[in-house]
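Working notes, beginning with the structure itself.
The values are calculated or read from the model by the stated rules, or taken from the named source; none is laboratory data. Since we're looking at a predicted model, the values are computed, not measured. Reconstructed Cβ throughout: ideal geometry from the backbone, glycine too, with neighbour counts over all protein chains shown.
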Amino acid sequence: MTKPVILTGLRANSDLTIGNYFGGIKPMIDMATTRADEYDINMFIPDLHSFTTPIDHGTLQSQILNNARIYAAAGLPLNNEGIRLYRQSYVSAHSELTWILDCFTGMGEMNRMTQFKDKSTGLGDARTTVGLFNYPVLMAADILLYNAQYVPVGDDQTQHLEFTRDIAERINSKFGDVFVIPESAPKQHEFFGKGQGLRIKDLQDPTKKMSKSDESGKGVVFLGDAPEAAHKKIMSAATDDKAFIDLDRTNQPGISNLLEILALLRGASLDDVVAEFKGQAKYGDFKKVVADEMAAFLTAFQQRLVAVDDQQIYAKLASSEKTVSEVANATLLRAQQAVGLRSKD
Ligand code: TYM
């Protein structure tokens, strides 16, 4: 019997941030460690997505390995066959399905994608690639190939998830049942026990998302940051002059972000953390609690990272890539038959 699938991936370029960790990795690891008997878990490395914006290609191989090591250090159990760890480019069905989906995707649909607008700003025409424009279609293929129902991602990916549902519904209504439709964003949040999609903010400018492409790095905590450096970044996070701690994302985005980060670091509910600190006037004392917690988290994480066994990773990648190719190729064949590229007999 096939189990429902939970799937996610994180692009392999530059160092991952705590936004990536809490938005994409942690919810997946929680599922992998508690519910792997009920769900198939697909954790993959979207290496084809990694150069939709310019990168140093000489480091891509090490970035790919590093991503896999990070998943392992975060607690992905490598010895369970129902948990798969694979590289996107090793399963050629991703590229093949993308082309088919491309031909059912409207230019207007892609033009509306806010991530494309954000990421292309500043790149200029020559460096803004068709690959970047097309990125959500490849992401849809990543999800649909494995009949995934649940896709833990941060809030910035919600629009891409909605597009995945739209393209799958469009193809199904034209050709019959080809794809499993992933759950809607609200159902995803419910499944992962959250009220809304997660969006950790930049520490220096808490009106914008914490992002690995941030130039200065001052507002971003990377998983590879020295714990003391991360401590400093939290202590110098921008706040406000109200001298009253409260969760108010509009008027106190900096303090609200720190409350959210603390809840995630502690694995506590946001309500409990807000109740503990609400009304306190000394932001410095509160920041120190968050900074200490962050430094302790990074210290423990980095200790686990150096202990990861690369040979075990390579063996896991090879065995998973074999298993998932079968699932992906079966879906690809359904799509090829639907559009008339393969006969149905
Ligand atoms: P990527 O690599 O940009 O980000 C990886 C994950 O981290 C989340 N994230 C955040 N969550 C909360 N707060 C933040 N500040 C923050 N910054 C990043 C992202 O939402 C994401 O979950 N397109 C994807 C990779 C991908 C994928 C897929 C994901 C390719 N195919 C299929 C799921 C399913 C991306 O570029 O994520």
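A few points about this structure:
- Close pairs from region 194-220: first closer than 15 Å to Asp155 by Cβ, partner away from the ligand (no atom under 11 Å from the Cβ) and of a type in the set (A, V, I, L, M), Cβ under 7 Å, at least 6 apart: Gly197/Ala185; Pro206/Ala238
- Some residue of region 28-40 being more than 10 Å from the ligand (Cβ to nearest atom), small (Gly, Ala, Ser) and in contact (Cβ under 8 Å) with a residue 12 or more places away in the chain: yes
- Residues (in a loop (DSSP other than H, G, I, E, B) and either hydroxyl-bearing (Ser, Thr, Tyr) or buried (at least 22 other Cβ atoms within 10 Å of the Cβ) (or both)) located in region 131-152: Leu145, Tyr146, Val151, Pro152
- Flag for Gly23 being over 15 Å from Ala148 (Cα atoms), surrounded by 20 or more Cβ atoms within 10 Å (Cβ to Cβ), at pLDDT 95 or above and not aromatic (Phe, Trp, Tyr): yes
- Residues that are exposed (fewer than 14 other Cβ atoms within 10 Å of the Cβ) and within 23 Å of Lys26 (Cβ to Cβ), drawn from region 265-298: Gly267, Ala268, Ser269, Asp271, Asp272, Ala275, Ala296
- Filtering Asp214, Asp205 for residues that are assigned to a loop (DSSP other than H, G, I, E, B) and away from the ligand (no atom under 11 Å from the Cβ) leaves a single hit, Asp205.
- Residue pairs whose Cβ atoms lie under 7 Å apart, sitting 6 or more positions apart in sequence or on different chains, and linking a residue in region 291-320 that is within 14 Å of Asn66 (Cα to Cα) to a partner that is surrounded by 14 or more Cβ atoms within 10 Å (Cβ to Cβ) and aromatic (Phe, Trp, Tyr), are Leu317/Tyr86.
- Enumerated helices (runs of 4 or more DSSP H) restricted to region 241-345, each holding at least 2 residues that are of a type in the set (Ser, Thr, Tyr): 283-306, 310-339
- Consider region 117-154 and keep the residues that are over 20 Å from Lys26 (Cβ atoms) and of a type in the set (Phe, Trp, Tyr). The one that is nearest to the ligand (Cβ to nearest atom) is Tyr135.
- Residues (basic (Lys, Arg) and away from the ligand (no atom under 15 Å from the Cβ)) located in region 155-195: Arg170, Lys174, Lys187
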